[in-house]
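Bear in mind that the values in this text are calculations on the coordinates, not laboratory data. What you see is a predicted model, and the numbers here were worked out from it, not measured in a lab. Backbone-built Cβ (ideal geometry, glycine too); neighbour counts: all protein chains shown.
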Amino acid sequence: MATKVRAKKRKPSVKMTKKYKTAAWTRSAGKNPEGGLNAKGRASAKAEGSNLKPPVSAKAAKKSPKKAARRRSFCARMGGVKGPMMKNGKPTRKALALRKWDC
């Protein structure tokens with residue numbers, strides 16, 4: 001007689017455990033008001049397969065050449081993006097991100 005093998009219970013996906021339809025990094029809950037994503041936003045993006053790291057300031061870039069290269073790369077890419085730096089008298093997400101990275 002063949003014995004039945006029970007299937008392991010799967011952990012519910014991120015979308016099933018939360019009451020929101022979208023991930024935190026797409027909502028204001030995952031965004032840092034000073035620019036970029038907060039820890040919750042990075043965690044929700046990681047759950048979807050991204051590998052995001054926190055911003056590198058100029059002070060942190062002086063300590064590590066690897067971080068300095070990452071900062072230069074980000075500033076070169078993001079600084080060339082078209083779009084306004086201010087909207088309705090407030091800085092845009094682009095401006096906040098560039099400020100956070102000390103670009």
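Hey, does region 32-54 have a residue that's more than 30 Å from Lys19 (Cβ to Cβ) and in a loop (DSSP other than H, G, I, E, B)?
Looking through region 32-54, none of the residues is more than 30 Å from Lys19 (Cβ to Cβ) and in a loop (DSSP other than H, G, I, E, B).
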- line: Taking region 51-103 and the residues there that are touching a helix residue (DSSP H, G or I) at 6+ places or on another chain (Cβ under 6 Å) and basic (Lys, Arg), the one that is surrounded by the fewest Cβ atoms within 10 Å (Cβ to Cβ) would be Lys67
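Of all residues in region 46-61 being within 12 Å of Trp25 (Cα to Cα) and of a type outside the set (D, E, K, R), which is nearest to the chain's Cα centre (by Cα)? Give the derivation first.
Quick first cut of region 46-61, residues within 12 Å of Trp25 (Cα to Cα) only: 46-48, 50, 52.
Those still in the list that are of a type outside the set (D, E, K, R) too: 47, 50, 52.
On the way: Ala47: 11, Ser50: 8, Leu52: 5 Å.
Per the criteria, the residue is Leu52.
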statement: If we ask which residues in region 62-97 are in contact with a Phe, Trp or Tyr (Cβ under 9 Å, 6 or more places away or on another chain) and either of a type in the set (A, V, I, L, M, F, W, C) or farther than 20 Å from Asn32 by Cα (or both), their number turns out to be 4
